[in-house]
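Undergrad: My structure is below; once you've seen it, I'll send some questions.
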Ligand SMILES: O=C(O)CCC(=O)C(=O)O
């Protein structure tokens, strides 16, 4: 496949720490993923009253509504649906991650989706202002390179609760950190002096970001829900390749999760076990089998 990113986009990536691939998947894939999220949530989206019908789980301590399949950040506990797999195994998405990693030998993350309804006074539990964090411990040395990604399933305005980040922070982090107290939170920055930008996008935009960018999702003050699927890819690290028992364990955890339509270990998961009861094991293409770890990259 031809490269999907041009020189200007790659320059933008170096500079800002994120990059956007437009039309990452066809429209029918987006529609299927949106339908899957609503079915999973047992919500008929045609009536806006329904968008609020699942009370959100409070993150990260899960003290409120611990059995809900959706969190106050809009994280939807759906992982193995065919529609999600069809996006993961879409060749253009793999090509984008291959260009960022400079290798095609990647595994895909078995991550979830997002649905954030608009805030409104009647549903204060859904009035989440948004969050900014890192998914890694930024006190470690050195911080290994890594990326994360999100696919916008519908057009998303700047005030619709979509992806937000501190652009360029992957370059300025090391200077910035010298100005911070020793007991700073290594998972979330003090935002004083940092500029958070909301990234509006169209349905089908895939945003890939450097994981050193402080990031999160925003406050949905629009009139439409925000819908997205998280997709990232990573090379099978040498450490894992060289450590056969670890590779076996990780592979079998992934394959079992796919086969049983359940999350891999470490995710909150869905107490209803909806995917296990309502979905078939997703069909994988030859690329999908490699991205899962069912077949090995040669
Ligand atoms: O919802 C988003 O776009 C950002 C999600 C996020 O913060 C994460 O995946 O760590």
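The values are calculated or read from the model by the stated rules, or taken from the named source; none is laboratory data. As the structure is a computational prediction, the values presented were derived from the model and not from experiment. Here the Cβ is made from the backbone with ideal geometry for all residues, glycine too, and neighbour counts use every protein chain on show.
Undergrad: Out of segment 147-178, which residues are touching a strand residue (DSSP E or B) at 6+ places or on another chain (Cβ under 8 Å), assigned to a loop (DSSP other than H, G, I, E, B) and either modelled with pLDDT under 95 or on the phi < 0 side of the Ramachandran plot (or both)?
TA: 153, 154, 155, 158, 159, 162, 166, 167
Undergrad: Is there a residue being surrounded by fewer than 22 Cβ atoms within 10 Å (Cβ to Cβ), more than 14 Å from residue 228 (Cβ to Cβ), away from the ligand (no atom under 16 Å from the Cβ) and touching a residue at least 12 places away in the same chain (Cβ under 8 Å) anywhere in segment 69-77?
TA: no
Undergrad: State which residue pairs qualify: first residue in contact (Cβ under 8 Å) with a residue 60 or more places away in the chain and farther than 16 Å from residue 201 by Cα and inside segment 155-180, second residue within 16 Å of the ligand (Cβ to nearest atom) and part of a helix (DSSP H, G or I) in any location, beta carbons under 6 Å apart, and separation of 6 or more residues or different chains.
TA: Correct list of pairs: 168/16.
Yes or no, residue by residue, for (1) away from the ligand (no atom under 16 Å from the Cβ); (2) assigned to a strand (DSSP E or B); (3) buried (at least 16 other Cβ atoms within 10 Å of the Cβ):
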{"residue": "185", "(1), (2), (3)": "no, no, no"}
{"residue": "213", "(1), (2), (3)": "no, no, yes"}
{"residue": "228", "(1), (2), (3)": "no, yes, yes"}
{"residue": "248", "(1), (2), (3)": "yes, no, no"}
{"residue": "257", "(1), (2), (3)": "yes, no, yes"}
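Undergrad: Select from segment 147-162 the residues that are surrounded by fewer than 19 Cβ atoms within 10 Å (Cβ to Cβ) and farther than 18 Å from residue 21 by Cα and list them in ascending order.
TA: Matches in segment 147-162: 159 only.
Undergrad: Out of all the residues in segment 197-210, is one or more touching a strand residue (DSSP E or B) at 6+ places or on another chain (Cβ under 8 Å), part of a loop (DSSP other than H, G, I, E, B) and under 23 Å from residue 144 (Cβ atoms)?
TA: No: zero hits.
Undergrad: Another question, then. Just one of (1) touching a residue at least 60 places away in the same chain (Cβ under 8 Å); (2) more than 17 Å from the chain's Cα centre (by Cα) trips up residue 152, so point out which.
TA: (2)
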